[in-house]
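All of the numbers you see were taken from the coordinates with simple rules; none came from a lab. The structure displayed is predicted, hence computed values, not measured ones. Methodologically, a virtual Cβ is constructed for each residue, glycine included, from the backbone with ideal geometry; neighbour enumeration extends over all protein chains shown.
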Amino acid sequence: MIRVLSIASECAPLVKTGGLADVAGALPAALGAIGVEMVTLLPGYPQVLAACEGTGTGVLEEDDLWGGPARVLRCRAAGLDLLVLDAPHLFDRPGNIYLGPDGRDWPDNPMRFAALCRVAARIGAEGAGGWMPHILHLHDWQAGLTPLYLGARSARASVGTVLTIHNIAFQGLAPAALRADLGLPEAGFDVEGYEYFGQISALKAGIVYADRLTTVSPTYARELTTPEFGMGLDGVLRSRAQKLRGILNGIDTGSWNPATDPALVAPYKTPRGKGRNKAALRAEFALPAASGPLCVLISRLTEQKGIDLLLQAVPRLLARGGQLALLGSGGAEIETVVRDAAAVMPGFAARIGYDEALSHRMVAGADAILVPSRFEPCGLTQMFGLRYGALPLVALTGGLADTVIDANPAALRAGVATGVQVHPLTVGALADAFDRLCDLYASDHWPVLQRNAMRQEVGWQASARDYAELYAECLPDHG
Ligand code: ADP
């Protein structure tokens with residue numbers, strides 16, 4: 001049996017700020033079902049330690065992990081096998097796991113996550129409590145320095161390393177002067193190694209030194225090697241393109257199941273069952289009955305998500321009798337733009353905040369779900385939409401391109417369409433896409449699209465097999 005240590009800075013349901021947590025939380029069970037054992041190394045944030053309370057046993061100790069003692073606990077929580085890095089001076093803090101009360105990164109973030117990497121490398125080399133991984137699976141920049149620490153231990157030959165890039169926008173830059181404090185090698189601090197324009201780049205370290213690279217959709221894997229999407233790392237990714245593979249994320253089809261979802265007013269198995277949920281959703285957002293499609297959008301409100309463009313195109317949707325209910329939170333500026341637009345556009349209602357249960361009710365009640373992202377490594381909400389028969393209207397980028405089949409004439413004739421894709425992502429193209437959506441909604445195609453959508457395979461099964469295959473390829477004795 002292949003043993004994998006997954007190194008993640010967040011993991012659902014224990015601690016989550018985005019899609020990375022969903023992936024880290026779902027993979028262990030999906031892999032377990034096909035005979036791969038995955039243990040997850042997590043920082044000992046207060047909520048993680050609380051979940052482990054009473055069940056943890058110490059398996060490793062560090063006398064001084066950059067400013068304080070630390071230990072690693074082995075425990076089980078929320079159905080996950082965990083190794084928890086209990087280092088109070090680094091992780092015992094209230095609030096957001098990455099940001100201080102001022103809304104900025106904790107100043108010692110480079111240290112905090114380098115500590116996670118150093119301990120991951122130690123476990124890769126020595127094991128923990130008798131458990132020895134074959135593979136270290138690194139998630140994003142927070143785990144990116146691990147191969148460097150492994151190198152320092154001359155242990156790189158004994159364990160395989162896989163880095164998954166969930167979002168290239170976050171690169172883990174740190175001042176060069178921290179190298180000594182972090183115990184990073186001199187060798188490699190150059191353009192071919194882990195230096196990025198005079199700084200340490202934890203993500204680049206992972207990209208250069210991990211045995212294999214993945215990202216969360218095949219299209220994003222291709223996009224990452226282009227200047228438009230690579231965010232400065234496209235060159236190094238091109239040089240490692242042979243080792244880079246896109247593996248689509250799945251969704252948790254247990255908690256996202258319209259037939260059993262406890263958040264819904266009326267759980268359902270077929271598109272016809274959406275009616276009561278739609279009426280309830282309209283009531284919840286104080287929207288009247290209308291002739292066009294009820295659209296929803298659930299998102300972090302950041303530049304990436306394209307909400308600014310979308311709002312300029314929404315009048316076309318409303319003019320056709322459609323409606324929009326939006327749930328989101330994020331940057332104060334975009335929140336204000338959303339609030340202001342909702343105040344003056346009848347048929348558009350917005351809720352600012354983060355509300356998991358409401359997000360389920362919205363997908364259940366919606367005719368369509370909108371994802372107009374400028375870039376989207378994989379995206380999860382369009383897959384929730386498919387499973388719940390809310391047709392995705394998406395930008396043609398990243399995982400959105402890989403999970404939705406555009407209702408073009410050929411796909412309609414073949415009976416395989418599941419949504420609408422927009423390209424290029426402009427206000428004009430979005431407005432045209434709304435027209436297309438409304439035309440489809442009024443046509444006989446609509447129920448066919450809904451059935452197609454609900455039949456799509458959006459779970460983890462296929463991708464878990466791809467990961468298992470990848471691990472097998474980079475087993476240490478595989479050469
Ligand atoms: P990203 O990781 O870039 O935020 P994804 O689509 O991959 O985008 O994942 C976002 C996840 O967060 C989804 O599960 C989505 O439903 C959830 N989400 C985002 N904003 C909210 C919100 N305001 N309320 C509830 N859930 C939200």
Starting from the amide H of THR215, placed 1.01 Å from N in the peptide plane, find each other amide H under 5 Å away whose residue is 5 or more places distant or on another chain. ILE165, ARG245, GLY246, ILE247
Taking Cα atoms, how many degrees apart are the long axis of helix 332-344 and the longest axis of the chain, rounded to 10 and kept between 0 and 90? 10
How large is ³J(HN,Hα), in whole Hz, for each residue of the stretch 33-42 in order, when computed from phi with the Karplus curve 6.51 cos²θ - 1.76 cosθ + 1.60 and θ = phi - 60°, using x for Gly and Pro? 5, 10, x, 10, 8, 10, 10, 10, 8, 10
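Nearest 0.05, what FRET efficiency do ALA332 and ALA462 give at R0 = 35 Å with Cβ-Cβ as r?
Working: r = 40 Å, r/R0 = 1.14.
Given R0 = 35 Å and the Cβ-Cβ separation, E is 0.30.
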For helix 307-319, what angle does its Cα long axis make with the longest principal axis of the chain, in degrees from 0 to 90 and rounded to 10? 20
Separation of alpha-carbon centers, the stretch 357-396 and the stretch 229-287, rounded to whole Å: 5
Of 193-203, 115-125, ordering from highest average Cβ density within 10 Å down gives 115-125, 193-203
Phi-derived 3J(HN,Hα) across the stretch 272-285 with the Karplus relation (6.51, -1.76, 1.60, θ = phi - 60°), rounded Hz, x for Gly and Pro, is 4, x, 6, x, 5, 5, 5, 4, 5, 5, 4, 4, 5, 9
Rounded to 0.05, the calculated FRET efficiency for the beta carbons of ASP181 and ASP444 at R₀ = 51 Å is 0.15
So how do 366-375, 266-275 stack up, highest first, on mean other-Cβ count within 10 Å? 366-375, 266-275
Kindly give the semi-axes, whole Å and largest first, of the ellipsoid equivalent to the chain, taking each as the square root of 5 times a Cα gyration tensor eigenvalue. 41, 22, 22
Could you grab the relative contact order for the chain? Cα pairs under 8 Å, six or more apart, rounded to a whole percent. 13
What distance in nm separates the two pseudo spin-label positions at ALA283 and ASP92, each 7 Å out from Cα along the beta-carbon direction? 4.8
GLN312 and VAL416 label points (each 7 Å along its Cα→Cβ direction) are spaced in nm at 3.5
Given the stretch 148-211 reduced to its alpha-carbon atoms as identical point scatterers, what log10 I(q)/I(0) does the Debye formula return at q = 0.20 Å⁻¹? -0.80
A student asked for the Cα radius of gyration and Dmax of the stretch 22-122 in angstrom ought to give 14.1, 45
Rounded to whole Hz and in sequence order, give me ³J(HN,Hα) for the stretch 386-397 from the Karplus expression 6.51 cos²θ - 1.76 cosθ + 1.60, θ = phi - 60°, writing x for Gly and Pro. 4, 5, 9, x, 9, 5, x, 10, 10, 6, 8, 8
Cα Rg, Dmax (largest Cα-Cα span) when computed across the stretch 410-473, Å: 16.7, 50
The stretch 123-182: radius of gyration over Cα atoms, expressed as a fraction of 2.2 N^0.38 Å: 1.25
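Rank-order 5-14, 82-91 by packing density, defined as the average count of other C-beta atoms within 10 Å over each peptide's residues, highest first. Walk me through the intermediate numbers first.
Working: 5-14: 24.9, 82-91: 22.1.
Highest mean packing first, the order is 5-14, 82-91.
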Ascending count of other beta-carbon atoms within 10 Å, so fewest first, for LEU178, LEU297, LEU327, LEU20: LEU178, LEU327, LEU20, LEU297
Counting only residues 5 or more places away or on other chains, whose amide H sits under 5 Å from the amide H of THR40 once H atoms are built in the peptide plane? SER6, ASP81, LEU82, LEU83
In whole Å, largest first, the alpha carbons of the stretch 204-354 cover along the principal axes 55, 36, 26
Modelled label-to-label distance, ASP102 and ALA169, 7 Å Cα→beta-carbon offset: nm? 2.3
To the nearest 0.05, what FRET efficiency results for ARG436 and TYR354 with a Förster distance of 35 Å applied to their C-beta separation? 0.65
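Calculated from DSSP H runs of 4 or more alone, at -39500 (n - 2.57) each and per residue, what is the 222 nm mean residue ellipticity of the chain, nearest 500? Could the numbers behind the result be given before it?
Working: 20 runs with 184 residues, N = 479.
Per the formula, -11000 deg cm²/dmol.
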Cα to Cα, under 20 Å, and not fewer than 8 places away if on the same chain: which lysines meet these conditions relative to LYS278? LYS269
